[in-house]
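Trainee: Before we start, here is the structure in question, set down as structure tokens.
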Amino acid sequence: MRHGVEVVPDKRALMEAGAAAFAAAARAAIAAHGRFVTALSGGSTPRALFELLATERFAASIDWSRIHVCWGDERAVPPDADASNYRMAREALLDHVPIPPSQVHRIRGEEPPMIAAAAYERTLRTLFATPVGPPRPVPGARFDLVLLGMGDNGHTASLFPGLQAVRETERWVVAESVAEVRMWRITLTPVVLNGAAEVLFLVSGGDKASMLHRVLDGPVRPDTYPAQIVAPHHGRLRWLVDTDAAAELEER
Ligand code: 6PG
């Protein structure tokens, strides 16, 4: 049985729904506990979402002074590189909204990956006042919203098929060399992803249809389909997908 799958007509509707969900989650968290801590995704899908959030219609409805922005993963590149997830979010969103720079917590892709991972974990543990152990399911001690995408090979964040990060049970952040993309990646682990209050996947396009079917309808094999590992223990899981991506799903 699947939970929380919402199918929308096309990519444009997906972005509208994603931006509305982001803005609603931000308003709710700020009203409930005074701040909103989110982790952004990388790749190409979220650029349109970030651009939409930067428009007056959405940006004006969000109190950016109370938002903390983090990332779900980063490529081992400097912050001005084309492949940098930070750079993409900065250009599409962060440069256009009044978010205090001290509340932008980027992963330092220019550092040696293991060092960048450990430093980012320290940043998150400080942000969530949790020096040891997993995120606690209380306000202010976990991500309010994690945005994720899914690759056509079933990866999410930088949890790739057959690698170790998907099996991590202690660390919040790990670095791993990913042969498939010939690059080191730094990624949140299931420990922190599944500690979030809400996780929202955005998936668009027919090239994802076969994998989405396997991830959502198939047997649970997270080593093969890492996106299946994401299931918040005390939170909400939503899959927002367009009709092209949903084409092979067994039930609606
Ligand atoms: C990254 C990601 C990654 C991404 C998927 C899907 O840094 O590449 O965070 O997990 O979400 O590869 O990317 P698209 O949605 O652009 O296809």
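The values are calculated or read from the model by the stated rules, or taken from the named source; none is laboratory data. What you see is a predicted model; the values in this text were computed from it and never measured. FYI the Cβ positions are ideal-geometry reconstructions off the backbone, even for glycines, and counts take in every protein chain you see.
Trainee: Being within 11 Å of the ligand (Cβ to nearest atom) and not aromatic (Phe, Trp, Tyr) is the requirement here; does PRO46 meet it?
Mentor: Working: within 11 Å of the ligand (Cβ to nearest atom): yes; not aromatic (Phe, Trp, Tyr): yes.
It is true that PRO46 is within 11 Å of the ligand (Cβ to nearest atom) and not aromatic (Phe, Trp, Tyr).
Trainee: Could you say whether any residue in the stretch 125-139 is surrounded by 14 or more Cβ atoms within 10 Å (Cβ to Cβ), touching a strand residue (DSSP E or B) at 6+ places or on another chain (Cβ under 7 Å) and closer than 20 Å to GLU168 by Cβ? Please lay out each step first, then the result.
Mentor: Going residue by residue through the stretch 125-139, those that are surrounded by 14 or more Cβ atoms within 10 Å (Cβ to Cβ) are 125, 127-128, 130, 134-137.
Those still in the list that are touching a strand residue (DSSP E or B) at 6+ places or on another chain (Cβ under 7 Å) too: 127.
If we keep only those that are closer than 20 Å to GLU168 by Cβ too, we end up with 127.
Within the stretch 125-139 (the criterion being surrounded by 14 or more Cβ atoms within 10 Å (Cβ to Cβ), touching a strand residue (DSSP E or B) at 6+ places or on another chain (Cβ under 7 Å) and closer than 20 Å to GLU168 by Cβ), the answer is yes, since at least one residue qualifies.
Trainee: Among the numbered criteria (1) over 30 Å from ASP244 (Cβ atoms); (2) assigned to a strand (DSSP E or B), which single criterion is violated by ARG171?
Mentor: (2)
Trainee: Out of ILE107, ILE115, ILE62, report the one residue that is farther than 24 Å from VAL166 by Cβ and of a type in the set (Val, Ile, Thr). Can you show your working first?
Mentor: Working: ILE107 fails: farther than 24 Å from VAL166 by Cβ; ILE115 fails: farther than 24 Å from VAL166 by Cβ.
Checking each option against the conditions leaves just ILE62.
Trainee: State all residues of the stretch 167-180 that are touching a residue at least 40 places away in the same chain (Cβ under 8 Å) and more than 15 Å from ALA117 (Cβ to Cβ); if no residue qualifies, say none.
Mentor: The answer is ARG167, and nothing else.
Trainee: What tally of residues in the stretch 109-164 results from selecting those that are within 11 Å of the ligand (Cβ to nearest atom), hydroxyl-bearing (Ser, Thr, Tyr) and either part of a loop (DSSP other than H, G, I, E, B) or without any contact (Cβ under 8 Å) to a residue 40 or more places away in the chain (or both)?
Mentor: 1
Trainee: Shifting gears a bit: Return only the number of the condition from (1) on the phi < 0 side of the Ramachandran plot; (2) buried (at least 24 other Cβ atoms within 10 Å of the Cβ) that ALA157 does not satisfy.
Mentor: Looking at each condition in turn, ALA157 falls short on (1).
Trainee: Restricting attention to the stretch 186-224, and to residues there that are of a type in the set (Asp, Glu) and closer than 27 Å to TRP172 by Cα, which single residue is surrounded by the fewest Cβ atoms within 10 Å (Cβ to Cβ)? Walk me through how you get there before you give the answer.
Mentor: Residues of the stretch 186-224 of a type in the set (Asp, Glu): 198, 207, 217, 223.
From what's left, closer than 27 Å to TRP172 by Cα: 198, 223.
Working: GLU198: 21, ASP223: 14.
The extreme case among them is ASP223.
Trainee: Related question: Search the stretch 182-218 for residues being within 13 Å of the ligand (Cβ to nearest atom) and hydroxyl-bearing (Ser, Thr, Tyr), and hand back the single one that is farthest from PHE36 (Cα to Cα).
Mentor: Taking the candidates together, the pick is SER204.
Trainee: Where in the stretch 1-101 are there strands (runs of 3 or more DSSP E), lying fully within it, with 2 or more residues that are surrounded by 20 or more Cβ atoms within 10 Å (Cβ to Cβ) and at pLDDT 95 or above?
Mentor: Numbers: elements: 5-8, 36-40, 67-71, 73-75.
It comes to 36-40, 67-71, 73-75.
Trainee: Of the conditions (1) in contact (Cβ under 8 Å) with a residue 40 or more places away in the chain; (2) of a type in the set (Lys, Arg); (3) more than 14 Å from the ligand (Cβ to nearest atom), LYS11 clears all except one; give me its number.
Mentor: So the condition that LYS11 fails would be (3).
Trainee: Also: Go through the stretch 108-153 and give me each residue that's touching an Asp or Glu at 6+ places or on another chain (Cβ under 6 Å) and over 26 Å from ARG238 (Cβ atoms).
Mentor: GLY109
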